[in-house]
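The values are calculated or read from the model by the stated rules, or taken from the named source; none is laboratory data. These numbers were taken from a predicted model, which means no experiment stands behind them. Every residue, glycine among them, receives a Cβ derived from its backbone with ideal geometry; neighbour counts consider all protein chains shown. These accessible areas exclude ligands, DNA and RNA; they are computed on the full protein's heavy atoms, side chains included. Shrake-Rupley method; radii C 1.70, N 1.55, O 1.52, S 1.80 Å.
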Amino acid sequence: MCGFAGASWTHPGQAIDAATLDSMTSVLTHRGPDQSGAWFDAWTALGHRRLSIIDLDSGRQPLANETGSVQVVFNGEIYNYRELRDGLQGRGHRFATQSDTEVIVHLYEEYGDDCLDHLRGMFALAVWDVSRRRLLLARDRMGQKPLVYRNDPGRLLFASELKALLQVPGAPRELDPISLDEFLTYQYVPHPRTMLAGYCKLPPAHKAVYLDGQLTVQRYWRPGYEEPIRDRSREDWQEALRETLTEAVRLRLRSDVPLGAFLSGGIDSTIIAGLMQEQSNTPIHTFSIGFPVKQFDEREHARVAAKHLGTTHHESVVDPSALKILPRLAWHYDEPFADSSAIPTMYLSEMTRGEVTVALSGDGGDELFAGYDRYRAVNLAGRVDRLPGPLRTLATSSAWRLLPASTRQKSLLRRGKRFAAALGKTPEQRYLDWVGIFAADRRRGLWTDDFRERLGSSNAATFLMDAYAECPDRGFVTRTTCADVLTYLPCDILNKVDIASMAYSLECRSPLLDHHVVELAARMPVSQKREGRRGKTILVDTFADLLPASIQSRPKMGFGVPLDHWFRNELRPLLEDILLDHTATSRGYFRPEAVRRLVDEHLSNRWDHSYRLWSLVCLEVWHRMYLDTSTPPASAPASL
């Protein structure tokens with residue numbers, strides 16, 4: 001696991017020097033604290049920071065073939081590197097190391113850009129073809145590893161994190177209005193944009209080729225939702241799932257450093273830990289954290305799972321302080337990121353890194369196997385859509401407005417009101433309303449007139465609607481899971497885990513995101529995944545031997561923090577100091593009275609605006625750190 005940065009240019013005047021490359025890679029030291037490396041020719045610079053996981057002694061990067069005509073920097077892990085290595089050696093390729101990185105070098109020699117089709121893992125990579133002056137950038141299929149770039153006339157800059165690109169002298173820093181609108185919609189900035197104008201994220205499952213000053217971006221893989229398999233029995237599905245996921249776990253146990261597993265006591269993490277334990281001769285190490293607030297504390301369930309599986313379990317109780325961790329969050333995430341579960345993920349990563357260097361997780365289970373409660377709402381709303389006209393009109397009337405507002409984050413009343421309010425909309429639009437932070441009408445009321453003009457005709461919903469278009473012929477619940485796999489999973493969940501874990505130099509591996517598992521799940525009928533009120537039934541039935549009875553039937557808790565409580569208590573001063581301060585209110589983005597109304601309604605218990613307020617706080621803290629300073633910080637500040 002590593003971080004890299006570099007540049008390619010078409011004119012000597014656009015070259016970056018060694019000091020600039022060193023600054024770009026130094027800011028990524030948390031991703032690779034073990035080694036650093038650099039390589040230059042007349043047209044390209046490649047820099048690397050290494051976290052040593054495989055071939056600890058000889059896997060330095062940048063890494064080249066025998067003649068030096070192919071140079072590679074790489075972040076991630078190629079889990080099938082041994083099998084690929086054997087095949088390449090059979091075709092005459094000679095290896096100088098035992099690393100998975102060198103497999104990429106020889107795969108490129110053998111297959112060119114099609115080398116990506118052979119890789120089973122998580123990765124972001126850059127391949128410089130010296131003789132052709134051609135740069136290949138690529139990102140893994142699911143988007144587990146990040147890759148950002150800036151394409152200026154005559155020069156392409158690229159890196160594992162945005163902050164590395166900002167170390168280049170004269171790097172512009174200007175907020176992108178459309179990205180801000182999208183951030184307040186989704187709580188993250190969707191690819192390919194970043195919050196800074198002119199900087200882009202390479203989307204998952206995409207490659208980019210830079211040749212003669214031209215950048216071409218192309219998709220190289222799709223999950224397969226458009227190709228369902230309908231004539232397979234449940235027993236056959238279970239056999240295929242057990243075999244495929246077991247192999248995915250086996251491949252992810254390859255390491256020359258200690259491994260462990262995150263264990264929340266939920267279905268997904270328990271299955272992954274169980275499959276690890278099945279393949280280990282000694283008890284594996286599992287990790288969980290707990291909180292003083294009971295509704296957010298999963299330690300009891302994690303203990304049950306650990307005892308059932310026979311793991312060596314570690315747990316810690318933390319009293320998460322947003323005030324203490326917010327500066328680190330803002331610095332590490334590079335742009336506003338408002339998923340509050342990043343806070344416990346940071347604490348869990350810090351604790352886990354104290355014992356191991358690699359941790360396996362259960363990320364992806366809810367999206368791939370229809371586990372979220374909101375999929376039940378999607379199904380119920382679909383039934384409402386099929387009601388006869390008068391009944392449908394009654395169900396979608398504005399009577400929901402008479403329901404009282406709830407001030408509790410996870411209350412049934414709050415969910416019911418949110419469900420009913422969107423019934424009159426198209427299925428895609430109401431799902432956006434359910435998962436979004438600021439609905440379109442709320443955003444319109446928030447913007448100043450000048451900022452609304454800057455947005456023009458942009459539509460933040462397009463990102464989600466394009467994902468829905470991936471599989472138009474499947475049922476709407478399946479289409480919704482597909483949309484989440486393409487949007488929420490890479491942009492929120494995987495981004496959150498990558499940044500939080502790498503902040504502590506911890507590698508996080510996700511067997512459920514093996515592309516063979518993903519392709520199997522994509523083709524599976526939703527009837528195999530959901531039965532009545534229960535999701536992930538295929539996972540529970542297939543791995544029942546690994547799951548204690550109490551975990552098989554427990555409702556999903558989620559991994560969050562009590563934002564609503566915090567804002568009415570210890571974080572209350574933050575609202576005055578951050579959101580209502582003159583610095584924030586004078587930026588010209590928001591109407592000050594609209595922000596004040598959100599604060600007042602929340603503090604008076606008239607409405608729960610906790611997620612909206614957290615989004616605005618994250619935005620303002622990031623703005624002060626990355627835009628208001630003369631230079632972007634090279635390390636995380638100790639305080640706000």
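Scanning segment 333-362 for residues that are part of a helix (DSSP H, G or I) and aromatic (Phe, Trp, Tyr) returns Tyr333, Tyr347. With Arg554, Arg572, Arg523 as the choices, which residue is open to solvent by 10 Å² or more (accessible area, probe 1.4 Å) and closer than 15 Å to Thr244 by Cα? Answer to the selection: Arg523.
Residue pairs whose Cβ atoms lie under 9 Å apart, separated by 6 or more positions or on different chains, with the first residue in segment 178-189 and open to solvent by 10 Å² or more (accessible area, probe 1.4 Å) and the second β-branched (Val, Ile, Thr) and outside any helix (DSSP H, G or I), are Glu182/Val189; Tyr186/Ile437; Tyr186/Thr487; Gln187/Ile437.
Residue-wise test of (1) under 15 Å from the mean Cα position of the chain (by Cα); (2) of a type in the set (Phe, Trp, Tyr); (3) part of a helix (DSSP H, G or I).
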position: Ile493; (1), (2), (3): yes, no, yes
position: Asp498; (1), (2), (3): yes, no, yes
position: Ser501; (1), (2), (3): yes, no, yes
position: Tyr504; (1), (2), (3): no, yes, no
position: Leu512; (1), (2), (3): yes, no, yes
position: Glu519; (1), (2), (3): no, no, yes
position: Ser527; (1), (2), (3): no, no, yes
position: Leu539; (1), (2), (3): no, no, yes
position: Asp545; (1), (2), (3): no, no, yes
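Val318: touching a strand residue (DSSP E or B) at 6+ places or on another chain (Cβ under 6 Å) and modelled with pLDDT under 90, yes or no?
Details: touching a strand residue (DSSP E or B) at 6+ places or on another chain (Cβ under 6 Å): yes; modelled with pLDDT under 90: yes.
When the stated conditions are applied, Val318 passes them.
For segment 531-542, the criterion of being of a type outside the set (Lys, Arg) and out of contact with any Lys or Arg (no Cβ under 9 Å at 6 or more places or on another chain) is met by at least one residue.
Condition check ((1) assigned to a loop (DSSP other than H, G, I, E, B); (2) among the acidic types (Asp, Glu); (3) out of contact with any Pro (no Cβ under 9 Å at 6 or more places or on another chain)) across all residues:
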| residue | (1), (2), (3) |
| --- | --- |
| Phe567 | no, no, yes |
| Asp577 | no, yes, yes |
| Gly588 | yes, no, yes |
| Arg596 | no, no, yes |
| Asp608 | yes, yes, yes |
| Arg612 | no, no, yes |
| Ser615 | no, no, no |
| Arg624 | no, no, yes |
| Ala636 | yes, no, no |
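Residues that are under 26 Å from the mean Cα position of the chain (by Cα) and among the polar types (S, T, N, Q) within segment 442-484 comprise Ser458, Asn459, Thr462, Thr478, Thr480, Thr481, listed in sequence order. Taken across segment 472-490, residues that are open to solvent by less than 30 Å² (accessible area, probe 1.4 Å), at pLDDT 90 or above, of a type outside the set (Lys, Arg) and out of contact with any helix residue (DSSP H, G or I) (no Cβ under 8 Å at 6 or more places or on another chain) do occur, with at least one present. Restricting attention to segment 180-205, the residues being outside any loop (DSSP other than H, G, I, E, B) and hydrophobic (A, V, I, L, M, F, W, C) number 5. Here is the figure for segment 306-325: residues that are of a type outside the set (S, T, N, Q) and outside any helix (DSSP H, G or I) total 8.
Candidates in segment 1-44 are the residues that are assigned to a helix (DSSP H, G or I), within 28 Å of the chain's Cα centre (by Cα) and touching a residue at least 40 places away in the same chain (Cβ under 8 Å); of these, the one that is surrounded by the most Cβ atoms within 10 Å (Cβ to Cβ) is Met24.
Could we say that Glu620 is modelled with pLDDT of 95 or more and in contact with a helix residue (DSSP H, G or I) (Cβ under 8 Å, 6 or more places away or on another chain) here? The answer is yes for Glu620.
Take Ala197 and decide whether it is touching a residue at least 40 places away in the same chain (Cβ under 8 Å) and either out of contact with any helix residue (DSSP H, G or I) (no Cβ under 7 Å at 6 or more places or on another chain) or open to solvent by less than 10 Å² (accessible area, probe 1.4 Å) (or both). Reasoning before the result, please.
Details: touching a residue at least 40 places away in the same chain (Cβ under 8 Å): no; either out of contact with any helix residue (DSSP H, G or I) (no Cβ under 7 Å at 6 or more places or on another chain) or open to solvent by less than 10 Å² (accessible area, probe 1.4 Å) (or both): yes.
So Ala197 does not fit the description; no.
The helices (runs of 4 or more DSSP H) found wholly in segment 432-484 and carrying at least 3 residues that are more than 26 Å from Arg530 (Cβ to Cβ) occupy 440-446, 449-455.
Would you call Leu603 aliphatic (A, V, I, L, M), crowded, with 18+ Cβ neighbours inside 10 Å and either in contact with a Leu (Cβ under 7 Å, 6 or more places away or on another chain) or free of Cβ contacts under 8 Å to residues at least 40 places away in the same chain (or both)?
Working: aliphatic (A, V, I, L, M): yes; crowded, with 18+ Cβ neighbours inside 10 Å: no; either in contact with a Leu (Cβ under 7 Å, 6 or more places away or on another chain) or free of Cβ contacts under 8 Å to residues at least 40 places away in the same chain (or both): yes.
So Leu603 does not fit the description; no.
Can you tell me which residue is nearest to Lys536 (Cα to Cα) among those in segment 346-362 that are in contact (Cβ under 8 Å) with a residue 60 or more places away in the chain and open to solvent by 10 Å² or more (accessible area, probe 1.4 Å)? Per the criteria, the residue is Gly362. Total residues in segment 78-101 satisfying the condition of being closer than 16 Å to Val127 by Cα and modelled with pLDDT of 95 or more: the figure is 1. Are any of the residues in segment 60-82 assigned to a helix (DSSP H, G or I), open to solvent by less than 10 Å² (accessible area, probe 1.4 Å) and more than 17 Å from Leu251 (Cβ to Cβ)? The answer is no; no qualifying residue exists. A Cβ distance below 6 Å, combined with a sequence gap of six or more or placement on separate chains, defines the contacts here; from segment 466-491, residues that are in contact (Cβ under 8 Å) with a residue 60 or more places away in the chain reach residues that are in a helix (DSSP H, G or I) and of a type in the set (S, T, N, Q) in the pairs Val477/Asn379.
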